[in-house]
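Notes follow the structure.
The values are calculated or read from the model by the stated rules, or taken from the named source; none is laboratory data. This structure is a prediction, so every number in the text was calculated from the model and none was measured. Neighbour counts run over all protein chains shown; Cβ positions are idealised from the backbone, glycine included. Surface accessibility is based on the protein's heavy atoms, side chains included, excluding ligands, DNA and RNA. Shrake-Rupley method; radii C 1.70, N 1.55, O 1.52, S 1.80 Å.
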Amino acid sequence: MKKVIVTGGAGFIGSHTVVELLAAGYEPVIVDDLRNSEEGVLKGIAAITGRSPRFHRVDCNDRMAFDRVFREEGQVHGVIHFAAYKAVGESVSEPLKYYHNNVGSLTVLLGLMAEHGVKRLVFSSSCTVYGQPEQLPVTESSPDRNANSPYGYTKVVCEQLLRDQCHADPLLQAVLLRYFNPIGAHPSGHIGELPLGVPNNLVPFVTQTAAGIRKQLIVHGADYATRDGSCVRDYIHVVDLARAHVMALDWMAGKVGSVCEVFNLGTGEGNTVLEVVHGFEEATGVKVHHSIGPRRPGDVESVYAETSKSRDVLGWTCTYGLKDALRDAWNWQQRLGA
Ligand code: UD1
């Protein structure tokens, strides 16, 4: 079996990807220090797959500990690197923390991969690298240095680092996946998102409001130049996103020599914040108290993906729609309880 190290494998996207890797016959090995996730996720993975992947509680910035993981695991087919911070607002007040963790861990990982002869990497990037694109849907060749937060710039810097490293090492293969807005949960209800404290992201806030944990959702601005005045995003079911990582690994394995390729991962459709709220109400029959508030600093008006490259090159397409994702997010929230 092909062994794949999954950093951040206990996190939201990481855990769903571990499930898909197992289903595809890979042997995922989770490296996660649980600073933003919980060990219970491993039970959820086992409940879905009947398997318990190997788990190392290690900080990817701890070079010695991470080196021991590579030594213990022996031959590794590839790495999927999820472990990173992702709170946009926090990155504005604590940029060093973001650069240290997000860029620092990638430099450690690339060094260890070189030492241990591991040549395949899938990297978690984000549509945040585009900022507000001039043309929609946004293609992979749109300018990608317009991020509007330190978090976003850590992704820009990591992407550049990967291009430079691929240039320097003609055997290194890297796939850079630019996620749009991942939402939902595994349809089984065994794994999902576990936001710490008050959620920053829309859908966890919606489900917590529906569950009565939050009084009401504030829609951050309804005066944008969009269909109903609220921002447009491309919301993608986390299971579809997870599948793309497996396809990226499969695709790389079929290539000889250096690869450094960027792919958008979105549905190709944009939905407004209010459409998400109403879509949730329709999909679940549960009302979401909400009111319109001021714009959130740093938000872009509209962004959604052009997905033909992922489809044509990786053979990847989405199988879930917005309402499926909202239903699964609600199913998961109900399991978590109020
Ligand atoms: C942003 C980044 C994304 C990054 C993610 C990490 C962009 C375009 N996207 O996503 O790349 O991976 O952060 O967290 O930079 N909203 C409300 N009320 C709320 C919460 C959100 O109205 O209580 C609105 C926001 O204003 C936004 C939409 O919902 O219009 C989605 O917000 P969110 O879920 O936070 O994701 P992004 O900001 O799009």
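Note on the chain: Cα convex hull, mean projected area over all directions, 15.6 nm². Over segment 191-338, calculate the relative contact order: mean separation of alpha carbon pairs under 8 Å at least 6 apart, over the residue count, as a percent. After rounding, I find 37 percent.
D for segment 191-338, whole µm²/s, Stokes-Einstein with Kirkwood Rh over alpha-carbon pairs at 37 °C and 0.692 mPa s: what number?
Details: Rh = 16.8 Å.
Estimated diffusion coefficient is 195 µm²/s.
All C-alpha pair distances within segment 17-138, sorted into 10 Å bins from zero, spread as 11, 37, 34, 16, 2 percent across the bins. Across the protein chains, with a 1.4 Å probe defining accessible surface, the residues 20, 134 rank 134, 20 from largest area downward. Averaging Cα coordinates gives a centre for segment 203-247 and one for segment 260-338; these two points are 5 Å apart. Across 240, 62, the residue with the most accessible area heads the list, and the full order at a 1.4 Å probe is 62, 240. Placing one equal scatterer on every Cα of segment 82-126 and applying the Debye formula, the log10 ratio I(q)/I(0) at q = 0.18, 0.19, 0.25, 0.32 Å⁻¹ is -0.59, -0.64, -0.90, -1.17. With only Cα atoms counted, segment 156-269 has Rg and Dmax values of 18.5, 55 Å.
Lacking any other cysteine beta-carbon closer than 4.7 Å, the following Cys residues of the chain have no compatible partner: 60, 127, 158, 231, 318.
Suppose all protein chains stay in the model; what accessible area per residue would a 1.4 Å probe give for the chain, in Å²?
Result: 42 Å² per residue.
Rg then Dmax, both in Å and based on the Cα atoms of segment 38-102: 15.1, 42.
Using r as the Cβ-Cβ distance of residue 108 and residue 258, and R0 as 30 Å, what FRET efficiency do you calculate, to the nearest 0.05?
Details: r = 21 Å, r/R0 = 0.72.
The formula returns an efficiency of 0.90 here.
Model label points for residue 160 and residue 46, set 7 angstrom from Cα along the Cα-to-Cβ axis, are 4.5 nm apart.
Evaluate 2.2 N^0.38 Å with N set to the residue count of segment 230-291, then give the Cα radius of gyration divided by it. Please report the intermediate quantities before stating the final value.
Values: Rg = 17.3 Å, N = 62, 2.2 N^0.38 = 10.6 Å.
Cα Rg divided by the expected 2.2 N^0.38 Å: 1.64.
Scattering from segment 265-307 was approximated by placing one identical point on each alpha carbon and applying the Debye formula without solvent; log10 I(q)/I(0) at 0.33 1/Å stands at -1.10. Here is the link list: 2/97; 119/255; 287/323; 3/43; 2/86; 43/215. Which ones come out longer than 23 Å on Cα distance? Over 23 Å apart, Cα to Cα: 2/97; 2/86; 43/215.
Above 16 angstrom, tally the Cα pairs of segment 105-149 and express them as a % of all pairs, no decimals. Counting pairs separated by more than 16 Å, the tail of P(r) holds 53 percent.
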